[in-house]
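Asker: I have a structure I would like to understand better, so I am pasting it below and will then ask my questions one at a time.
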Amino acid sequence: MTTGPLGASDAGRTPRTIAVVHAGLGQPSSTRLLADRLADATARELEALGHEVTVEMVELREHGHAIIDAMLTGFPSGDLARHIETITHADGVIAVTPLFTTTYSGLFKSFVDILDKEALTGMPVLLGATGGTPRHSLALEYSMRPLFTYLRADVVTTSVFAATDDWAQSGGEKHDDGGSSLPQRIERAGRTLAGLVPARGEHTKPADPFSSTPSFLDLLGGD
């Protein structure tokens, strides 16, 4: 699903694309809600820096069968292939998953597994996750962050976990342990990602290892 430019499109504003990937399973989904809020916070910060922002939303639940097919064949196709192109050409990525058994969902991991190993090299990536209780929040650090570090992404230092109780907090409230509220963490994470996007410059597509391979028509001497 594509969301158009957020805010006014003024002449001279630098265009930036943020790809948002989430593995929420329900409709509505708290994972989708967190993804939307992280995207909104990032877009606002980028617009304040003078950029025109387009947000591209990728809902993995819509591509479940295609992801399995791609794992079996080695080649994504159709809408899934187009969404992967969008992600690899974005200026920044927001990745959000529900947590099951203290780690990312199987759907989320399967999608990451079909990405080219160079697809996210140097890409600014903001991580988010949802779960029932705060006990699962460390999964962002010992599970999700190593996954994207392995892919050589530029992972934002501030990640956001949203437990069920977090959604009842207003912007100024604190956790019982004195920690920041969910809205505050979302805003801080959005600022951090927005700060990395302009510094990265233009994103180039990973080199195609088969780009120099002649076509069958060339091999046969055809026109």
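Asker: Name the one entry in Thr103, Thr158 that is in contact with a helix residue (DSSP H, G or I) (Cβ under 6 Å, 6 or more places away or on another chain), open to solvent by less than 30 Å² (accessible area, probe 1.4 Å), modelled with pLDDT under 95 and hydroxyl-bearing (Ser, Thr, Tyr).
Answerer: Thr158
Asker: How many residues are under 15 Å from Ala66 (Cβ atoms) and assigned to a loop (DSSP other than H, G, I, E, B) when one looks only at the range 101-115?
Answerer: Within the range 101-115, residues that are under 15 Å from Ala66 (Cβ atoms) and assigned to a loop (DSSP other than H, G, I, E, B) number 2.
Asker: Evaluate the following for Ala194: is it out of contact with any Phe, Trp or Tyr (no Cβ under 9 Å at 6 or more places or on another chain) and at pLDDT 95 or above?
Answerer: When the stated conditions are applied, Ala194 passes them.
Asker: Could I ask something else about it? Take Ala90 and decide whether it is closer than 16 Å to Val20 by Cα and either at pLDDT below 95 or outside any loop (DSSP other than H, G, I, E, B) (or both).
Answerer: no
Asker: In addition: Based on what the data block shows, is Thr86 polar (S, T, N, Q), over 18 Å from Gly190 (Cα atoms), in contact (Cβ under 8 Å) with a residue 60 or more places away in the chain and open to solvent by 20 Å² or more (accessible area, probe 1.4 Å)?
Answerer: yes
Asker: Pull out all pairs, ordered by first then second residue, where Cβ-Cβ is under 6 Å, the residues are six or more apart or on different chains, the first lies in the range 101-113 and is closer than 12 Å to Ala139 by Cβ, and the second is open to solvent by less than 50 Å² (accessible area, probe 1.4 Å) and aliphatic (A, V, I, L, M).
Answerer: Pairs that qualify, where the first residue is closer than 12 Å to Ala139 by Cβ and the partner is open to solvent by less than 50 Å² (accessible area, probe 1.4 Å) and aliphatic (A, V, I, L, M), are Thr102/Ala139; Thr103/Ala139; Tyr104/Met144; Ser105/Ala23; Phe108/Ala23.
The values are calculated or read from the model by the stated rules, or taken from the named source; none is laboratory data. Everything numeric in this text was worked out from a predicted model, so none of it was measured. Cβ sites come from the backbone with ideal geometry, for glycine too, and all protein chains shown count toward neighbours. Just so you know, the surface numbers come from the protein's heavy atoms only, side chains and all, with ligands and any DNA or RNA stripped out. Shrake-Rupley method; radii C 1.70, N 1.55, O 1.52, S 1.80 Å.
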